[in-house]
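Participant: Let me begin by handing over the structure; questions about it come next.
The values are calculated or read from the model by the stated rules, or taken from the named source; none is laboratory data. Not measured: the values here are computed from a predicted model. A quick note on method: Cβ atoms are made from the backbone with ideal geometry, for glycine too, and the neighbour counts reach across all protein chains shown.
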Protein chains: 2
Amino acid sequence: MPNRSVYFVSDGTAITAETFGKSILAQFPGKPRLVRRPFIDSEDKARQVINEINVLGATEGKRPVVFVTLVDLSVLAFFKAHCKGLVLDMFNTFIEPLEAEFAVKSNHRVGRFSDVAKSQEYHDRIEAINFSLAHDDGQATRNIEAADVILVGVSRCGKTPTSLYLAMQHGIKAANYPLIPEDFERGKLPSMLAPHKKRCFGLTIDPDRLSQVRNERRPGSKYASLANCRYEVNEAEAMMKREGIAWLSSTHKSIEEISATILRDIKPDALAIY
Amino acid sequence: MPNRSVYFVSDGTAITAETFGKSILAQFPGKPRLVRRPFIDSEDKARQVINEINVLGATEGKRPVVFVTLVDLSVLAFFKAHCKGLVLDMFNTFIEPLEAEFAVKSNHRVGRFSDVAKSQEYHDRIEAINFSLAHDDGQATRNIEAADVILVGVSRCGKTPTSLYLAMQHGIKAANYPLIPEDFERGKLPSMLAPHKKRCFGLTIDPDRLSQVRNERRPGSKYASLANCRYEVNEAEAMMKREGIAWLSSTHKSIEEISATILRDIKPDALAIY
């Protein structure tokens, strides 16, 4: 798709259009230019974006692809009538069969998040973020029994970003606790973790990758050396095996993939948050 | 939609199916039960989910709604042939018109995030998370000039979760810095912020809401009192106005909405990360 521009146009944050559009585009070779246009909730605002898209299409000689999530049917109709891009209407395509299935009309309310800031679910998500921050890197043990999951593993294996992602995206109270050389010498889990073993989930990482990551932080240190990384990873995996703690490797996985796996394993029948 | 169950079935993390499906469901009244089934990448795994859905539909007397993002066409065909839910195929619906537009076949690759863990973009996102954590609540001023944005505002107005969301979702290096009573007495921005005013973005909040939030932390304190919250919010807004710092209110906004607005304002022509 050389020189192809892709727009995400929404009357809300455009997060849905962007998340979804990107996963569709990933099925095609090439790297399109991406442009996000949130909060397009009137004909006036739509007109500006349409002009921009039409001019760009003429300049580039190829019509832009436009993923739209526009709830207001009159804005959507205006958009479709005037935009010369390839408009992919992500909302109404699925709303119509659901209206038939539920035998009700949809409410065409703009903004998935409207008033969400006052909902219990949103409150719980923010609380989860605060919890995960307070229990990052073994900082606090107070109230650790409130954790939904405690990620354990060697330093720099991905515990912190995964904990924060679990909290932010899924409202999971995720603490994390490092396994350090002193633990390996003692040959035991940190005593603070022992009563909570059932809620522990391990992360491991390829020693070469770990050494690379640590070298970015502390170049040339013993901490970052491949020999030390091999030692720590070996010991950590042996400890998790001995203690019966499930684990996975973060080496080739994004925090999204790690989190989806952890959720499936710790809460196999969990309903998604709504 | 009483008693209606909704499934998100994907050969990847199911994040796309869930984000998109939820925004569609938000257009309907009622609260369906939601179930996430990630990593369904073979007929065998599909068969298990299909059985689960078919049994549940029979028990509940209403067929479940099933949002699927299945890239593998044979698994998708198997799913459509045997699942008795209302299957909404979110992927191929849009892939076909794009194949026609681009005049290429899509690659039907499973997993938007495959190998992403090694990409520069992913690396930058993780770095942004680390940066935002290190520069939370005015903790570190070292390297602050690397910030894409510095959120300022009174304690508990939403700076920390917004910073982390900007980093995690958008790869933005977002620092945050509190405005405290001492700053208001001096009548000046913290000296550390002065050279970086152009990159500051303010958050404010309704004093009643702020008092409620602070009372959850420190019930009955002067810090949480409505009178003090009014004072701090007034002073903070006056200071931002004086200093020419753009701001918005977090009172009725989610971190997603706040972030989308900040991004639009600080990087109006920014291309989305791909």
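Participant: What single numbered condition from (1) buried (at least 20 other Cβ atoms within 10 Å of the Cβ); (2) within 30 Å of B:Asn234 (Cβ to Cβ); (3) β-branched (Val, Ile, Thr); (4) more than 20 Å from the chain's Cα centre (by Cα) fails to hold for B:Val149?
Facilitator: B:Val149 satisfies all of (1) buried (at least 20 other Cβ atoms within 10 Å of the Cβ); (2) within 30 Å of B:Asn234 (Cβ to Cβ); (3) β-branched (Val, Ile, Thr); (4) more than 20 Å from the chain's Cα centre (by Cα) except (4).
Participant: Right, another one. I'd like to check something: does the range A:42-65 contain any residue that is without any contact (Cβ under 8 Å) to a residue 12 or more places away in the chain, surrounded by fewer than 18 Cβ atoms within 10 Å (Cβ to Cβ), assigned by TED's automatic domain parsing to the domain that holds A:Ile24 and under 22 Å from B:Met90 (Cβ atoms)?
Facilitator: Checking the range A:42-65: not a single residue is without any contact (Cβ under 8 Å) to a residue 12 or more places away in the chain, surrounded by fewer than 18 Cβ atoms within 10 Å (Cβ to Cβ), assigned by TED's automatic domain parsing to the domain that holds A:Ile24 and under 22 Å from B:Met90 (Cβ atoms).
Participant: While we're on this one: Quick one: in the range B:1-16, which of the residues that are polar (S, T, N, Q) and assigned to a strand (DSSP E or B) is surrounded by the most Cβ atoms within 10 Å (Cβ to Cβ)?
Facilitator: Of everything passing the filter in the range B:1-16, B:Ser10 is surrounded by the most Cβ atoms within 10 Å (Cβ to Cβ).
Participant: Follow-up question, since we're still on this one. Given the conditions (1) of a type in the set (Lys, Arg); (2) without any contact (Cβ under 8 Å) to a residue 40 or more places away in the chain; (3) touching a helix residue (DSSP H, G or I) at 6+ places or on another chain (Cβ under 6 Å), and given that A:Lys173 satisfies all but one, which numbered condition is not satisfied?
Facilitator: (2)
Participant: Go through A:Ala117, A:Ala100, A:Ala174 for me and flag whichever is at negative phi and modelled with pLDDT of 95 or more.
Facilitator: A:Ala174
Participant: Can you tell me which residue within the range B:239-274, out of those that are within 7 Å of chain A (Cβ to nearest Cβ) and under 19 Å from B:Arg125 (Cβ atoms), is modelled with the lowest pLDDT?
Facilitator: B:Tyr274
Participant: Given the conditions (1) farther than 29 Å from A:Asp265 by Cα; (2) surrounded by 18 or more Cβ atoms within 10 Å (Cβ to Cβ), which single one is not true for A:Asp183?
Facilitator: Of the numbered conditions (1) farther than 29 Å from A:Asp265 by Cα; (2) surrounded by 18 or more Cβ atoms within 10 Å (Cβ to Cβ), the odd one out for A:Asp183 is (1).
Participant: Have a look at B:Asp208, B:Asp124, B:Asp136 and point out the one that is in contact (Cβ under 8 Å) with a residue 40 or more places away in the chain and more than 10 Å from chain A (Cβ to nearest Cβ).
Facilitator: B:Asp124
Participant: Here's a follow-up. Only one of A:Gly30, A:Gly12, A:Gly57 is facing chain B (nearest Cβ under 10 Å) and more than 25 Å from B:Ile262 (Cα to Cα); which?
Facilitator: So the residue among A:Gly30, A:Gly12, A:Gly57 that is facing chain B (nearest Cβ under 10 Å) and more than 25 Å from B:Ile262 (Cα to Cα) is A:Gly30.
Participant: Let me ask something else. Do you know which residues across the range A:66-89 are touching a residue at least 12 places away in the same chain (Cβ under 8 Å) and closer than 16 Å to B:Pro97 by Cβ?
Facilitator: Across the range A:66-89, the qualifying residues are A:Val66, A:Phe67, A:Val68, A:Cys83, A:Lys84, A:Gly85, A:Leu86, A:Val87, A:Leu88, A:Asp89.
Participant: Would you be able to say whether some residue in the range B:24-39 is of a type outside the set (Ser, Thr, Tyr), over 30 Å from B:Leu166 (Cα atoms) and at pLDDT below 95?
Facilitator: Yes, because at least one residue in the range B:24-39 is of a type outside the set (Ser, Thr, Tyr), over 30 Å from B:Leu166 (Cα atoms) and at pLDDT below 95.
Participant: What's the number of the condition A:Thr69 fails, among (1) among the polar types (S, T, N, Q); (2) closer than 30 Å to A:Asp44 by Cβ; (3) surrounded by fewer than 19 Cβ atoms within 10 Å (Cβ to Cβ)?
Facilitator: Failed condition: (3).
Participant: Quick test for you: out of A:Gly138, A:Gly202, pick the one residue that is in contact with a Phe, Trp or Tyr (Cβ under 8 Å, 6 or more places away or on another chain) and buried (at least 21 other Cβ atoms within 10 Å of the Cβ).
Facilitator: The conditions single out A:Gly202.
Participant: For the range A:92-110, which positions are in contact (Cβ under 8 Å) with a residue 12 or more places away in the chain and within 7 Å of chain B (Cβ to nearest Cβ)?
Facilitator: A:His108, A:Arg109 - these are the residues of the range A:92-110 that are in contact (Cβ under 8 Å) with a residue 12 or more places away in the chain and within 7 Å of chain B (Cβ to nearest Cβ).
Participant: Do we find that B:Val68 is at negative phi, under 25 Å from the mean Cα position of the chain (by Cα) and within 12 Å of chain A (Cβ to nearest Cβ) in this structure?
Facilitator: So B:Val68 fits the description; yes.
Participant: Looking only at the range A:143-184, count how many residues are part of a loop (DSSP other than H, G, I, E, B) and touching a Phe, Trp or Tyr at 6+ places or on another chain (Cβ under 6 Å).
Facilitator: Qualifying residue count, the range A:143-184: 1.
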